[in-house]
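Working notes for the structure below.
The values are calculated or read from the model by the stated rules, or taken from the named source; none is laboratory data. Note that the coordinates shown come from a computational prediction; the quantities given were computed from them, not determined experimentally. Cβ sites come from the backbone with ideal geometry, for glycine too, and all protein chains shown count toward neighbours.
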Amino acid sequence: MNRFSLVKTFLALIYFVVLFLIQGFLIREWTAGVLIQAIILNTAIILGIYAFRGFETRTALSLNSSFIATAVGGLSGGVVALIPILFFIERRIGRLAYIWTLILVVFAFPLITFVVMRIAVRRTPPQRFLVVGESESISHIMEDIVKKSLNKIEIVGYVSDEKGISDVLNNGGAAFDALLVVDQELMRPVRHEAEKAHTKGVTIQFLPELVEENLSRIPIEAIQRFSDYYSVLFSHSRYSQSLRVLDVLLASLASIVLSPAIVFSIIYILTRDGRPLFYSQTRHGLNGAEFSLYKFRSMTQKTSLSEEDPELVITKSGRLLRTLRFNELPQFFNVIKGDMSIVGPRPDIRSTYEFCTRELPYYHYRTKIMPGLTGHAQVQFLHLDELDRDAFGERLSYDLYYVKNYTITLYLSTILKTLETMVFGKGRAG
């Protein structure tokens, strides 16, 4: 774990403890139920700050950005925490403790994060890498890594021949802090020398680790260079029973909470456009299998055109429903049914799926988990309307990051980040 990761972890733990201390002064009588509520509230707040990038170095170095991310993330987490807290009927955490918790999160935490991260960045020297690989083929990824690391990663040079690599391994090197291997084929002939050099203190890192840590995505070029490593990781479909339980619970809860919006959508469609209320569309899901995705009808086909080349236009009710995203609400039924997850790669229509499987290598890795209502790519990248190979390749890199790091933490943080996406209009569901 690098220094920035340690600082962020330290801040999160300190905030968690501080929240408990404040609540300890304000709550007169502690019970097991109150303790559970406090844990839920504080955990949701920390996850909310993380989800809205409050702990990210680039965010924390701007006081305005730190305030917005921490305040919005903390408040979102606090609101989400109310849902399970309301189930505690006998004794709740208390209004005073809840309000002062949020006040502390909104007004104190952003300033503390800003100050601490500025000090950490200022005192952290850049890590110098000598790259094992050819600069022409990897320089664009390395430039992106350097930029995203806030120039705390420095590339001192490239070495791409067996003799040069052997000399570096045998002589060590004061001019760099670590060797960065970006091409595993170049290391195979000198593997024995690399193992000896490692025991003598020569640090060797590999491209996948640096890419994922700094870019939060897995570019196709990285997979091509470390195909053996990734082929093992993506060899089997992934299924999490705990995430499936969360899917059903959250989809059922969302259907209840959003029932007024569902009823409004039904009445509004019937009033403005009449039947049918829903339409289904064939999408590709787990392992590429087809399923029917449901939405409220917001578009209709022009009757003058042939069925072979249909043109869709927005219905009278569709403009408002699409603006409010109410047309997506029936997809909670897909989640409950088991076709989709709350979080995962967005399921593609046939034409997009066929284009991507034809044009993009490793695209099938994307289907190793269930598709989702929202996803890592949706909150990190843009919605795509045209079939562009490079753009869909970048979207794939974000989806593969989620497939590889398929954890409950990333699942929950993506849900919270989706709130930011909806508020600020960055991207939209496909």
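Quick notes
- For the range 65-73, the condition holds for at least one residue, the condition being that it is touching a Lys or Arg at 6+ places or on another chain (Cβ under 6 Å), in a helix (DSSP H, G or I) and aliphatic (A, V, I, L, M).
- If the condition is being in contact (Cβ under 8 Å) with a residue 40 or more places away in the chain and either in a helix (DSSP H, G or I) or not aromatic (F, W, Y) (or both), then the range 118-136 contributes R118, A120, V121, T124, Q127, R128, L130, V131, V132, G133, E134.
- Some residue of the range 238-250 being at positive phi, assigned by TED's automatic domain parsing to the domain that holds Y294 and either part of a helix (DSSP H, G or I) or small (G, A, S) (or both): no
- Test: residue in the range 126-145 that is surrounded by 14 or more Cβ atoms within 10 Å (Cβ to Cβ), modelled with pLDDT of 90 or more, among the β-branched types (V, I, T) and in contact with a Pro (Cβ under 9 Å, 6 or more places away or on another chain): yes
- Taking first residues from the range 273-299 that are in the same structural domain as K316 (by TED's automatic domain parsing) and partners that are of a type in the set (A, V, I, L, M) and assigned to a loop (DSSP other than H, G, I, E, B), the Cβ contacts under 6 Å between residues at least 6 apart in sequence or on separate chains come to L286/M370.
- Residue within the range 349-359 that is touching an Asp or Glu at 6+ places or on another chain (Cβ under 6 Å) and either of a type in the set (D, E, K, R) or in a helix (DSSP H, G or I) (or both) present: no
- Some residue of the range 214-221 being surrounded by 14 or more Cβ atoms within 10 Å (Cβ to Cβ) and touching a strand residue (DSSP E or B) at 6+ places or on another chain (Cβ under 6 Å): no
- Checked against (1) surrounded by fewer than 21 Cβ atoms within 10 Å (Cβ to Cβ); (2) not in a loop (DSSP other than H, G, I, E, B), E386 passes all but condition (2).
- Every listed requirement among (1) over 24 Å from K404 (Cα atoms); (2) touching a residue at least 24 places away in the same chain (Cβ under 8 Å); (3) of a type outside the set (G, A, S) is met by E212 save one, (1).
- Restricting V379, V313 to those that are farther than 25 Å from E290 by Cβ, without any contact (Cβ under 8 Å) to a residue 60 or more places away in the chain and either exposed (fewer than 14 other Cβ atoms within 10 Å of the Cβ) or assigned by TED's automatic domain parsing to the domain that holds P208 (or both) reduces the list to V313.
- So D144, is it assigned to a helix (DSSP H, G or I), among the acidic types (D, E) and closer than 29 Å to E56 by Cα: yes
- Residues of the range 318-359 classified as under 19 Å from G393 (Cβ atoms) and either surrounded by fewer than 18 Cβ atoms within 10 Å (Cβ to Cβ) or β-branched (V, I, T) (or both), total: 8
- Every condition in (1) in contact (Cβ under 8 Å) with a residue 60 or more places away in the chain; (2) farther than 30 Å from A38 by Cα; (3) in a helix (DSSP H, G or I) is met by T113 except one, and the failing one is (2).
- When L396, L387, L373 are checked against the criterion of being closer than 21 Å to L233 by Cβ and modelled with pLDDT of 85 or more, L396 stands alone in meeting it.
- Top-ranked residue in the range 161-199 [being in contact with a helix residue (DSSP H, G or I) (Cβ under 9 Å, 6 or more places away or on another chain) and part of a loop (DSSP other than H, G, I, E, B); ranked as surrounded by the most Cβ atoms within 10 Å (Cβ to Cβ)]: V182
- Residues that are of a type in the set (D, E, K, R), part of a helix (DSSP H, G or I) and under 19 Å from Y362 (Cα atoms), drawn from the range 210-237: E212, E221, R225, D228
- Residues satisfying the stated conditions in the range 31-89, i.e. surrounded by fewer than 23 Cβ atoms within 10 Å (Cβ to Cβ), aromatic (F, W, Y) and closer than 30 Å to K152 by Cα: Y50, F67
- Here is the figure for the range 354-364: residues that are over 24 Å from L410 (Cβ atoms) and either of a type in the set (V, I, T) or in contact with a Phe, Trp or Tyr (Cβ under 9 Å, 6 or more places away or on another chain) (or both) total 3.
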